[in-house]
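One structure below.
The values are calculated or read from the model by the stated rules, or taken from the named source; none is laboratory data. Because the structure is predicted, anything quoted here is derived from the model rather than measured. Please note: Cβ atoms are built from the backbone with ideal geometry, for glycine as well, and neighbour counts cover all protein chains shown. Surface accessibility is based on the protein's heavy atoms, side chains included, excluding ligands, DNA and RNA. Shrake-Rupley method; radii C 1.70, N 1.55, O 1.52, S 1.80 Å.
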Amino acid sequence: MAMGLKAAAAGVGGGADKPLRFPSVAAVARSRMQLWMLRATTTVLLWTCLVQLTAVGETWGPRVLRGWPSCRMMAPEAAAAAARLAMPEPVAEKPALPPQRVYRNNGYLMVSCNGGLNQMRAAICDMVAIARYLNVTLIVPELDKTSFWNDPRCTCCFHITLLFPVPFYHVVMQITFCFAFSEFQDIFDVEHFITSLRGEVRILRELPPRMKQRVEMGMFHSMPPISWSHISYYHNQILPLIQKHKVLHLNRTDARLANNGLPLDIQKLRCQVNYASLKFTSQIEELGRRVIRILRKNGPFLVLHLRYEMDMLAFSGCTEGCTREESDELTRMRYAYPWWKEKVINSYVKRKDGLCPLTPEEIALVLRALGIDRSMQIYIAAGEIYGGKRRMSSLTSEYPNVVRKETLLEPSDLKFFQNHSSQMAALDYLVSLESDIFVPTYDGNMAKVVEGHRRIMGFKNTILLDRKLIVDLVDRYNSGSLPWDEFSKQIKSVHANRMGSASRRTVIPDKPKEEDYFYANPQECLRDPNLLRAW
């Protein structure tokens with residue numbers, strides 16, 4: 001036995017002269033402590049992640065997390081929730097769906113819309129009409145994630161950093177959770193969109209598996225269509241590409257269909273999509289109705305679409321009333337975005353040409369000159385005004401009842417929409433439609449689309465400002481060369497016929513960008529009382 005132990009010791013130690021060493025009691029205890037601390041750390045970490053995921057699932061998390069029981073839910077609340085789930089819900093009668101249109105499918109059309117909410121809204125309407133005309137299957141459009149005016153792909157991110165000091169080592173771990181928002185279904189009711197148009201065009205949430213494989217293998221064609229094109233362009237040049245590649249992806253889809261000269265059924269379909277099929281989600285609709293109810297309790301209200309946010313000023317190069325530091329900041333921002341192609345801008349000349357958004361000081365004078373009552377509620381449909389309270393002081397001193405969604409609602413009401421520009425714009429859109437007066441200070445996409453929608457709703461009062469004339473009158477009034485009475489008289493006279501009443505859309509051959517925008521004045525749809533009642 002002694003010889004065997006000696007041989008074993010020699011084998012383990014690497015030589016006969018090295019004695020066999022066994023781990024000490026302290027080493028064994030230290031090893032066990034390390035193992036125990038590692039298990040404890042892992043348990044705490046996993047539990048923390050579970051709690052965070054559960055909390056996020058109730059508010060910001062993806063749909064798979066929705067409906068998890070909250071670890072913070074009190075017993076009575078849990079019991080009430082269980083009781084509600086146990087009760088059978090009343091079966092609502094489904095509305096009659098239009099008969100599905102049957103046609104020979106020429107292929108699949110994928111579209112990526114660019115720009116802000118209303119720019120994408122108009123593009124969706126155009127793409128539906130194009131898909132219908134080409135007899136193709138439309139995939140639910142993808143919303144913008146690349147330009148400045150978008151909702152970022154990852155909008156809800158938070159970090160957990162864990163530091164566990166233990167006797168022998170430290171554990172440091174950071175976990176980042178991000179959730180994607182503002183897909184089509186986060187803004188619009190996708191089921192209603194698909195079913196309401198089933199009589200016109202087949203729409204799928206995603207490509208069939210076989211077609212998806214082709215896309216993954218790169219067997220598809222992607223391109224931006226030509227702006228302001230007649231529908232014949234899509235028949236002659238786009239349809240052959242779809243038939244060849246089976247799947248066509250159109251990107252940068254804003255303003256790709258002409259304003260005028262299109263078949264009547266195409267124009268009416270564009271209206272049907274815009275005013276009947278593109279409904280906001282129930283969450284956005286309900287919050288919009290709540291804001292409108294709050295405003296209605298206090299009487300009539302005017303919605304002022306005050307496009308005086310930092311991004312708009314940087315993009316347009318308009319710096320009227322800004323300090324030198326603010327002007328430099330706006331210039332730096334414009335140069336930071338390579339796709340904002342116009343860099344060197346003369347703000348003075350641009351403003352004189354009526355190409356700048358009106359400032360808060362200018363719009364305060366205009367509203368007063370138009371005779372808007374001082375007690376009127378003024379709802380600001382916009383993001384954060386550049387310059388803050390300093391720039392808003394002229395407007396708020398003249399009209400003390402200036403409100404915003406952030407002042408009418410509790411922070412908890414907006415927590416789902418905060419940091420999501422498209423969803424916040426959707427709220428402003430709903431309030432703008434229902435206002436007694438709508439006044440846009442710049443002719444951007446929201447101003448145009450809301451103008452057209454209010455025409456559909458019965459030519460509701462929309463004051464379309466003549467910015468070039470206003471700037472000239474304001475400068476003369478501020479210099480003392482034009483008395484107030486004359487200033488007010490001219491403002492009223494010029495805008496007497498600019499209140500959103502019926503008018504013919506301007507047609508300028510070979511200059512479609514200078515024409516009146518179809519969605520601002522969809523005159524073909526206004527002639528059919530049956531369509532108006534349906535919308």
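A few comments on the model shown:
- Cβ-defined net charge surrounding residue 282, 13 Å radius [Lys, Arg +1; Asp, Glu -1]: -2
- Low-density loop positions, GluC sites (Glu not before Pro), the range 188-291 - DSSP coil, at most 15 other Cβ in 10 Å: 206
- Ligands, DNA and RNA excluded, the heavy atoms of residue 211 present near 10 Å² of accessible surface to a 1.4 Å solvent probe.
- Other residues with beta-carbon under 14 Å from the beta-carbon of residue 504 carry, at +1 per Lys or Arg and -1 per Asp or Glu, a net charge of 0.
- Note on the range 253-279 and the range 320-374: Cα centroid distance 32 Å, given to the nearest whole angstrom.
- Tensor-based shape of the range 367-477 (alpha-carbon gyration tensor, a/c under 1.5 rounded, otherwise prolate or oblate): oblate
- Annotation: for a label point projected 7 angstrom from Cα along Cα→Cβ of residue 499, residues of the range 427-445 with backbone N closer than 20 Å are 432-441.
- Between residue 222 and residue 286, the simple spin-label model (points 7 angstrom out along Cα→Cβ) gives 3.7 nm.
- A simple count of charges around residue 200, restricted to other residues whose Cβ falls under 10 Å of its Cβ and scoring Lys, Arg +1 and Asp, Glu -1, yields +3.
- Set 297/405; 468/489; 279/513; 389/489 screened for pairs whose C-alpha atoms are more than 19 Å apart: 279/513; 389/489
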